[in-house]
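The values are calculated or read from the model by the stated rules, or taken from the named source; none is laboratory data. Worth saying up front: this structure is predicted, and the values here are computed from it rather than measured. All Cβ positions, even for glycine, are placed from backbone atoms using ideal geometry, and neighbour counts span all protein chains on display.
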Amino acid sequence: MSLPEVSFEAARSLVATACLALDEEDFCSFLACCSDDFHYTIRVHSPELRRDMTWLEHDLAGMQGLLEGVRDHLRRQGRLLRHLGASVLVEASAQHTVLDTSVLVLHTDLEGVTRVWAAGRYRDAVAAGADGARLLNRRVQLHTRDLGTGSHVPI
């Protein structure tokens, strides 16, 4: 029995749901959006090195370990809010749907001051699973190269 293709709308909805879970630091709900084969990468281009740098790379077990310990790390005080821009359908096949989505991450400090913390793009591959659409792969390609300290929460 083959699984149905994931529509653009279903993939976009899953990307938004995953972001809302991260905004609320509901890491269990974020992980529930991920497939068993999930792979997460943060990359940024270095003009000085003239190549991309990988800042973080984990499979699902690595993400679970990171998120289990995130509350024990020294962290930036305040809240993060991910703002998704337009999504473009990159690929649609029977195996997965790939979206490219611009993202801004806003940080609101304890005094209520909000600033742009990071800007970049998500390249998300979404696959159908037995219980619905799941993130198969998320590559974060950052434009921002200075996140400061206390940034252990996924972007």
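Figures for the structure shown
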| item | result |
| --- | --- |
| Selection within the range 21-35 - part of a helix (DSSP H, G or I), without any contact (Cβ under 8 Å) to a residue 40 or more places away in the chain and surrounded by 12 or more Cβ atoms within 10 Å (Cβ to Cβ) | 21, 29, 31, 32 |
| Extreme residue, surrounded by the fewest Cβ atoms within 10 Å (Cβ to Cβ), among residues of the range 59-94 that are of a type in the set (Lys, Arg) and either closer than 21 Å to residue 133 by Cα or without any contact (Cβ under 8 Å) to a residue 24 or more places away in the chain (or both) | 71 |
| The range 6-20: number of residues that are within 23 Å of residue 93 (Cα to Cα) and surrounded by fewer than 18 Cβ atoms within 10 Å (Cβ to Cβ) | 7 |
| Any hit, the range 102-114, residues being touching a residue at least 60 places away in the same chain (Cβ under 8 Å) and hydroxyl-bearing (Ser, Thr, Tyr) | no |
| Qualifying residue in the range 136-155 (condition: in contact with an Asp or Glu (Cβ under 9 Å, 6 or more places away or on another chain) and not in a strand (DSSP E or B)) | yes |
| Residue 38 vs. criteria within 26 Å of residue 79 (Cβ to Cβ), hydrophobic (A, V, I, L, M, F, W, C) and in a strand (DSSP E or B) | yes |
| From the options 97, 144, residue that is buried (at least 18 other Cβ atoms within 10 Å of the Cβ), on the phi < 0 side of the Ramachandran plot and among the polar types (S, T, N, Q) | 97 |
| Yes/no for residue 85 being more than 16 Å from residue 35 (Cα to Cα) and modelled with pLDDT of 95 or more | yes |
